[in-house]
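Here's the structure we're looking at; comments come further down.
Where a number appears in this text, it was derived from the coordinates with a stated rule and is not lab data. Nothing here was measured: the structure is a model prediction, and the numbers come from that model. Here Cβ is always computed from backbone atoms with ideal geometry, including for glycine, and neighbour counts include all displayed protein chains.
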Amino acid sequence: MISLGFGKFARSDRIYALEPLLGEERGDGRRTKVWVDGITDPVIASRTQGTILRDMGQDAAADAPLVDEALDLASRLAAAADAGRVDLSDLGRRARRLLAATTIRD
């Protein structure tokens, strides 16, 4: 069984597709559409597709914590910009840390 968040579970062998929610669809407790065999409509999960894939044992396919962090940063920046309160020093610090994580060092 795979946790989809907020008490929702699905059998991992019945999940056949994951679709990330984007834009206005994405919000509090809404991260991913999970298509489950035997259920007509997708289940809305509060967890990201990467987290669900990792729980399903698909580590290679889900090895994207960096992407999750980048999406979180972009989401927080967009919300702060909409509210008119962007903290550039915090943004710069987080962006540098994110970029440093992608750099391969000899």
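Name the residues whose placed amide hydrogens come within less than 5 Å of the amide hydrogen of residue 21, ignoring near sequence neighbours (fewer than 5 apart) on the same chain.
Under 5 Å from the amide H of residue 21 lie the amide H atoms of 32, 33, each far enough along the sequence or on another chain.
Can you give me the long-range amide H partners of residue 4? Hydrogens built in the peptide plane at 1.01 Å from N, cutoff under 5 Å, separation of 5 or more residues or another chain.
For residue 4, whose amide H was placed from the backbone, the distant partners under 5 Å are 9, 10.
Once the Cα atoms of helix 65-83 and of the chain are each reduced to a long axis, what angle between those two axes, in degrees from 0 to 90 to the nearest 10, is obtained?
The helix 65-83 is inclined about 60 degrees to the chain.
Quote the Stokes-Einstein diffusion coefficient, in whole µm² s⁻¹, for the chain, based on the Kirkwood radius over alpha carbon pairs, a temperature of 25 °C and a viscosity of 0.890 mPa s.
It comes out at roughly 159 µm²/s.
Show me 41-47, 11-17 ranked by packing, highest mean number of other Cβ atoms within 10 Å first.
41-47, 11-17
How many nm separate the modelled label positions at residue 81 and residue 35, each set 7 Å beyond the Cα in the direction of the Cβ?
According to this spin-label approximation, the distance is 3.2 nm.
If I take every Cα pair under 8 Å that is 6 or more residues apart in the chain, average their sequence separation and divide by the length, what percent do I get for the relative contact order?
18 percent
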